[in-house]
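Colleague: Pasting a structure below so you can have a look.
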2 protein chains.
Amino acid sequence: VKKLINSAETVVTDALRGLSAAHPGLRVDPDGRTVSRSGGPTPGKVGLVSGGGSGHEPLHAGFVGYGMLDAACPGEIFTSPVPGQMVTATAAADGGAGVLYVVKNYTGDVLNFELAADLCAEEGVEIASVLVDDDVAVRDSLHTAGRRGTGATVFVEKIAGAAAEGGASLAEVTRVAEEVNARSRSFGVALSACTTPASGRPTFELGETEIELGIGIHGEPGRSRSTMRDARELAAIALDAVDEDMPLSGDALVMVNGMGATPLIELYVVFAEVAEQLAGRGVRVARSLVGDYVTSLDMRGFSVTVCLLDEDLTRLWDAPVETPALRWGR
Amino acid sequence: VKKLINSAETVVTDALRGLSAAHPGLRVDPDGRTVSRSGGPTPGKVGLVSGGGSGHEPLHAGFVGYGMLDAACPGEIFTSPVPGQMVTATAAADGGAGVLYVVKNYTGDVLNFELAADLCAEEGVEIASVLVDDDVAVRDSLHTAGRRGTGATVFVEKIAGAAAEGGASLAEVTRVAEEVNARSRSFGVALSACTTPASGRPTFELGETEIELGIGIHGEPGRSRSTMRDARELAAIALDAVDEDMPLSGDALVMVNGMGATPLIELYVVFAEVAEQLAGRGVRVARSLVGDYVTSLDMRGFSVTVCLLDEDLTRLWDAPVETPALRWGR
């Protein structure tokens with residue numbers, strides 16, 4: 001598979017060089033693999049740190065900035081960052097009011113963030129963690145005990161980030177982050193596999209009319225193979241899976257997310273079906289995102305994430321944010 | 001090729017339904033194929049209208065909103081909108097100070113916008129047009145007399161939109177739009193062809209290690225076929241082509257644009273090379289965009305667009321904008 005890279009070995013470093021050149025608001029260390037706000041930590045504010053394997057861009061580095069993350073640490077492609085990166089990111093985020101780790105539920109990430117938390121606690125930094133596990137497709141998975149963390153990560157980072165920016169305590173920011181995760185569910189569908197630069201081969205094989213229902217963001221198996229359906233049916237399958245796990249009602253924040261190689265016109269077609277079918281289930285799409293937010297390299301497909309809103313969460317979602325991938329209000 | 005659609009016949013209408021559901025700030029007529037600001041025309045402000053074939057999302061409908069377009073009219077996939085749509089869009093944009101059409105240089109678009117201009121002039125609306133023809137790859141092309149209009153369209157719409165929002169006259173907004181086009185050049189590279197929903201087959205064939213240098217946004221042939229190169233070489237080829245046509249110096253606004261199925265991590269790798277090589281040529285990347293802005297359905301590849309800035313253009317670029325695909329300052 002052709003890729004716009006210099007070499008498989010340098011792809012993460014090169015992409016971070018590009019991120020640095022494009023966004024003067026970020027302080028990027030391409031070799032040390034950390035990204036933080038160029039202004040440094042905000043004194044007295046709870047810091048937010050996230051990280052995970054690369055290949056899911058704009059997650060997480062694209063969400064560093066005012067109102068969202070203070071720092072991110074990208075690992076190698078589909079590989080957890082190491083504790084040393086997390087410690088550096090924590091220092092870049094620590095304004096003296098404690099630091100919250102937003103951790104997607106994958107074994108490597110969980111373990112390394114725990115090690116980093118211990119190291120930072122020894123240095124006197126108060127650390128809390130929230131585990132994101134919104135993907136209803138499967139209970140356990142490759143590299144995962146329990147459900148996988150996917151699209152809800154964006155919601156957690158945005159909403160907890162707004163709470164932190166507003167001056168909330170570490171306990172309160174943590175509570176908000178946990179609440180967003182508890183109110184969010186996701187389901188993904190793959191039309192094609194993804195190919196890592198190192199292997200050069202698709203992570204799995206899908207036939208010309210085959211799709212994978214419940215795909216993971218590293219190409220992990222979902223619930224089943226199926227034949228291709230139209231957008232209306234795929235939206236129904238995703239919403240059924242979400243609704244079965246968390247009965248849907250009221251106002252919702254809804255994301256239709258592209259997996260990295262899905263044209264925007266197709267994401268809007270899916271969103272039209274999702275919004276219409278949610279209305280039919282008595283759910284109002286109060287806020288939404290349509291685009292590439294949590295990707296899987298060059299995978300074709302989409303995921304749907306639904307978060308049931310209340311007034312507080314809506315207010316925090318609407319609060320100003322200024323990051324490479326999400327920006328409003330300033 | 002698998003696509004997230006309901007049918008080839010309804011893909012544009014369905015995507016517009018999605019656009020409408022996702023963006024309450026837009027007034028969308030999915031059947032009439034027009035998109036405008038939900039608040040209607042701004043009295044006393046010059047209106048900006050653009051349009052063209054669908055399949056290039058977020059262009060143009062994703063750029064309707066404060067500080068940019070007043071209305072857009074999407075045609076069928078890779079097909080010019082018809083004059084009737086343009087007339088409706090003009091009415092939705094007409095605040096009494098005249099309306100500027102931003103027209104990409106393709107024969108169908110040029111002809112239909114001319115017809116629409118005549119019809120609107122008969123109704124007493126003052127109309128001006130700017131032709132965007134920034135693509136240096138080829139002189140003439142399929143469906144094009146003269147150079148093709150591609151990435152610079154985003155710059156023209158943003159900067160002329162800011163001038164209009166700031167109260168400039170139709171003559172002044174037109175002059176600014178022409179200046180942006182005159183100062184902008186683009187060059188694109190395809191790693192794969194795109195597939196229209198109607199045909200279901202790639203518009204052309206590229207071998208496993210082949211690429212097309214100077215690709216058009218409908219898959220029109222460029223300058224030559226080549227073997228795959230690394231990102232550094234591809235950036236150099238694109239910048240050489242731009243620099244040959246318009247010697248580069250000073251401050252630049254630079255876009256590295258994805259063609260629709262290019263992962264963001266790869267676009268940042270390309271941007272790193274572009275920024276570094278521009279610095280080596282004595283050009284400072286003063287402003288930038290990295291992402292999918294002018295796409296070609298599911299094509300894999302990228303384009304580079306460079307606009308040589310001055311103080312006025314920089315100020316207009318920085319002015320607040322609030323559209324689905326471009327937002328800052330509010």
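Colleague: Sort shortest first the distances from B:Asp140 to its counterpart in every other copy, using label points 7 Å along the Cα-to-beta-carbon line, and give them in nm.
Modeller: Here B:Asp140 shows inter-copy label distances of 6.8 nm.
Colleague: Separate question: Place the label 7 angstrom along Cα→C-beta at A:Glu122 and in each other copy, then list the distances from the first to the rest in nm, shortest first.
Modeller: 8.2
Colleague: Return the calculated 222 nm mean residue ellipticity for chain B, to the nearest 500 deg cm²/dmol, obtained by summing -39500 (n - 2.57) across DSSP H runs with n ≥ 4 and dividing by the residue count.
Modeller: On the way: 8 runs with 106 residues, N = 330.
One gets -10000 deg cm²/dmol as the mean residue ellipticity at 222 nm.
Colleague: What percent of all Cα-Cα pairs in the protein assembly as shown falls in each 20 Å bin, counting up from 0?
Modeller: 20, 56, 23, 1
Colleague: Taking A:Gly282 in one copy and the same position in all the others, each labelled 7 Å out along Cα→Cβ, what are the pairwise distances from the first, in nm, shortest first?
Modeller: Result for A:Gly282, in nm, nearest copy first: 7.0.
Colleague: Probe radius 1.4 Å, ligands and nucleic acids left out: can you give me the accessible area buried at the B-A interface, summed over both chains, in Å² to the nearest hundred?
Modeller: 4500 Å²
Colleague: Taking chain A as a Gaussian network, Cα atoms linked when under 10 Å apart, which of A:Gly222, A:Gly250, A:Gly260 shows the biggest mean-square fluctuation?
Modeller: Largest GNM mean-square fluctuation: A:Gly250.
Colleague: Using per-residue counts of other Cβ atoms within 10 Å, averaged over each peptide, order B:274-287, A:157-170 from highest down. Spell out each step's value before the answer.
Modeller: On the way: B:274-287: 17.4, A:157-170: 23.1.
Ranking, from highest mean packing down: A:157-170, B:274-287.
Colleague: Using a 1.4 angstrom probe on heavy atoms only, work out the carbon and sulfur share of the accessible area of the protein assembly as shown in %.
Modeller: The C+S portion of the solvent-accessible surface of the protein assembly as shown is 50 percent.
Colleague: What is the mean number of Cβ atoms from other protein chains located within 10 Å of the Cβ atom of each residue in peptide A:294-302, rounded to a whole number? Don't skip to the end; give the middle numbers.
Modeller: Details: counts 0, 3, 1, 4, 6, 1, 6, 2, 1.
Taking all residues of A:294-302 together, the mean is 3.
Colleague: So for chain B, taking the charge dipole from beta-carbon charges (+1 Lys/Arg, -1 Asp/Glu), which of B:Ser296, B:Ser224, B:Phe155 sits furthest toward the positive end?
Modeller: Comparing the listed Cα positions along the dipole, B:Ser296 ranks first.
Colleague: Short version: ³J(HN,Hα) in whole Hz for each residue of segment A:115-132, in order, from phi by Karplus 6.51 cos²θ - 1.76 cosθ + 1.60 (θ = phi - 60°), x for Gly and Pro, what are they?
Modeller: After applying 6.51 cos²θ - 1.76 cosθ + 1.60, I find 4, 4, 4, 4, 4, 6, 4, 4, 7, x, 8, 7, 10, 10, 9, 10, 9, 9 Hz.
Colleague: Additional query: Of all the residues in chain B, which one has the C-beta that comes nearest the axis relating B to A, and what is the distance in Å?
Modeller: Spelled out as residue then distance in Å, it is B:Ala261, 2.
Colleague: If you take all C-alpha pairs in chain A, what percent of them are over 32 Å apart? Write out the running numbers ahead of the final one.
Modeller: On the way: 12425 of 54285 pairs.
Above the 32 Å cut-off, chain A has 23 percent of its Cα pairs.
Colleague: I would also like to ask the following. Let a ≥ b ≥ c be the square roots of the eigenvalues of the Cα gyration tensor of segment B:11-183; is it rounded (a/c under 1.5), or, if not, prolate (a/b larger than b/c) or oblate? Numbers along the way, then the final one.
Modeller: Details: a/c = 1.40, a/b = 1.07, b/c = 1.31.
Rounded.
Colleague: Given a Förster radius of 41 Å and the C-beta distance between B:Ala182 and A:Asp31 as r, what FRET efficiency does 1/(1 + (r/R0)^6) yield to the nearest 0.05?
Modeller: 0.50
Colleague: With the other protein chains left in place, how much accessible area per residue, in square angstrom, belongs to chain A at a 1.4 angstrom probe?
Modeller: That works out to 33 Å² per residue.
Colleague: Between B:Thr209 and B:Ser169, how high is the FRET efficiency from 1/(1 + (r/R0)^6) when r is the Cβ-Cβ distance and R₀ = 35 Å? Nearest 0.05.
Modeller: Numbers: r = 53 Å, r/R0 = 1.51.
The pair B:Thr209/B:Ser169 has a calculated efficiency of 0.10.
Colleague: In terms of modelled amide H atoms, which long-range or inter-chain residues lie less than 5 Å from the amide H of A:Val132?
Modeller: A:Val103, A:Lys104, A:Asn105
Colleague: While we're looking at this one, here's another question. When you look at the Cβ of every residue in B:314-327, what mean number of other chain Cβ atoms sits within 10 Å? Please list the in-between numbers first.
Modeller: Details: counts 0, 0, 0, 0, 0, 0, 1, 0, 1, 0, 4, 2, 1, 4.
Partner Cβ neighbours, averaged per residue: 1.
Colleague: Can you give the average number of partner chain beta-carbon atoms within 10 Å of each beta-carbon in peptide A:5-17, as a whole number?
Modeller: 5
The values are calculated or read from the model by the stated rules, or taken from the named source; none is laboratory data. In this text the structure is predicted, and so the values were computed from the model without any measurement. Every residue, glycine among them, receives a Cβ derived from its backbone with ideal geometry; neighbour counts consider all protein chains shown. To get the accessible areas, we keep the full protein, side chains included, count just its heavy atoms, and leave off ligands, DNA and RNA. Shrake-Rupley method; radii C 1.70, N 1.55, O 1.52, S 1.80 Å.
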